[in-house]
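Novice: Have a look at the structure that comes next, please.
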Ligand code: GLA
């Protein structure tokens, strides 16, 4: 009898105990977010048209699913404390918008902040966590990005845990994206709290620069890349390092956009585009929808890639993939074209984290150049190529059958 009541108590507490909604992000989330291009200039027209463009541009077919509204959608809280969208910008309300997004086979994301106010000065969720989670669930929201402005004296793990529990209590599976810029080392504690966590401050639209905003800085693509050093052991299916939303299509050169996108795929990063999907160039579209490159990011093993070497401004990165395949990326960070040469047979690449090894003496692989879309031989011969400035050569190695 004692045993039976113990089992009942365990079962009951397992079903009611707050937790993260599991398995919502077994591969890195893919979608779009308003912030990088539109900042506070968001309204329902933009969101609907962006969702339409996600379908018509082929992005949905390529795997993008979330349409995420960032800061500044908010209106006021009512007398009972419930949050409402800005009635001028979102006159039809969030439920109608979510219904529309869902009718296209897409999902809707929203943004809030653990503090009193968001970074854009709109109402934050502090003290309203359960109420806001309930409201989002009622609206049909599928993804929450939760920021960290105006949180003085709050404990990050505790604050994110509160919102995780609130989302769970509200009962609607919502991807939970932590955005505290890596300040409190979320990789140490967030695996069971969220599905992804920002590892750095904000990205900015340049390859290799820092923008100083006075009290804070934003970071070019290469700076963000360098800040991922040492973090790959924390990422995996359902809990990803997030090096921030992409700047592809926002003004860098095509080479730089290609390098940026390739490196995010090597990192198994969430692929959240941040450009104007309604007015995208052919080149931007081709980068964002390249299915075989996206497959490197979305590989089921979910192993974040690693830097193998860095020589004369050229980095060589490896990422183990399922079925014994590997992605290999040569990244030229310099301002001039660089030759690369890689003698597969002379180098054994061992990844102690995943236990995978690339040994081309034991096994021969066929090589595909993914961006050129061409099979280029096997690993029995030394590979050589020229990599343009601020660009990559991205290869996939497959076992020869
Ligand atoms: C912070 C976040 C950004 C964006 C803005 C919105 O800076 O890091 O990604 O959400 O806030 O105000």
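The values are calculated or read from the model by the stated rules, or taken from the named source; none is laboratory data. Note that the structure is a prediction, hence the values are computed from the model and not measured. Heads up, the Cβs are rebuilt from the backbone with ideal geometry, glycines too, and the neighbour counts pull from every protein chain shown.
Novice: Just to check your reading of the model, which residue among 272, 287 is in a strand (DSSP E or B) and assigned by TED's automatic domain parsing to the domain that holds residue 231?
Specialist: Values: 287 fails: in a strand (DSSP E or B).
Selected residue: 272, the only one of 272, 287 that is in a strand (DSSP E or B) and assigned by TED's automatic domain parsing to the domain that holds residue 231.
Novice: Follow-up question, since we're still on this one. Within region 119-126, does at least one residue satisfy the condition of being away from the ligand (no atom under 16 Å from the Cβ), in contact with a helix residue (DSSP H, G or I) (Cβ under 8 Å, 6 or more places away or on another chain) and on the phi < 0 side of the Ramachandran plot?
Specialist: Filtering region 119-126 for residues away from the ligand (no atom under 16 Å from the Cβ) gives none.
The answer is no; no qualifying residue exists.
Novice: Where the second residue is away from the ligand (no atom under 16 Å from the Cβ) and not in a strand (DSSP E or B) and the first is touching a residue at least 60 places away in the same chain (Cβ under 8 Å) and farther than 18 Å from residue 215 by Cβ and lies in region 138-155, which pairs have Cβ atoms under 7 Å and are six or more apart or on separate chains?
Specialist: 142/174; 143/174
Novice: I would also like to ask the following. Please verify whether residue 10 is away from the ligand (no atom under 16 Å from the Cβ) and modelled with pLDDT under 95, treating the condition exactly as stated. Let's see the steps before the verdict.
Specialist: Values: away from the ligand (no atom under 16 Å from the Cβ): yes; modelled with pLDDT under 95: yes.
So residue 10 fits the description; yes.
Novice: I'd like the full set of residues that are assigned to a strand (DSSP E or B) and either modelled with pLDDT under 95 or over 18 Å from residue 137 (Cα atoms) (or both), limited to region 76-109. Break it down into steps so the answer makes sense when it comes.
Specialist: So in region 76-109, the residues assigned to a strand (DSSP E or B) come out as 76-77, 83-85, 107-109.
If the condition is that a residue be assigned to a strand (DSSP E or B) and either modelled with pLDDT under 95 or over 18 Å from residue 137 (Cα atoms) (or both), then 76 is the only one that fits.
Novice: Now, a different point. Can you find a residue in region 241-258 that is assigned by TED's automatic domain parsing to the domain that holds residue 180, crowded, with 24+ Cβ neighbours inside 10 Å, without any contact (Cβ under 8 Å) to a residue 40 or more places away in the chain and under 12 Å from the mean Cα position of the chain (by Cα)?
Specialist: no
Novice: Kindly indicate whether residue 136 is away from the ligand (no atom under 11 Å from the Cβ) and more than 16 Å from residue 47 (Cβ to Cβ). Let's see the steps before the verdict.
Specialist: Values: away from the ligand (no atom under 11 Å from the Cβ): yes; more than 16 Å from residue 47 (Cβ to Cβ): no.
No.
Novice: Of all residues in region 153-189, how many are assigned to a loop (DSSP other than H, G, I, E, B) and either at pLDDT 95 or above or within 16 Å of the ligand (Cβ to nearest atom) (or both)?
Specialist: So the first thing to find is which residues in region 153-189 are assigned to a loop (DSSP other than H, G, I, E, B), and the list is 153-155, 171-174, 179-185, 189.
Going one step further and asking which of them are either at pLDDT 95 or above or within 16 Å of the ligand (Cβ to nearest atom) (or both), we end up with 154-155, 171-174, 179-185, 189.
Total meeting the criteria: 14.
Novice: Between 69, 101, which is away from the ligand (no atom under 16 Å from the Cβ) and under 25 Å from residue 178 (Cα atoms)?
Specialist: Details: 69 fails: away from the ligand (no atom under 16 Å from the Cβ).
None of the other options fit; the residue is 101.
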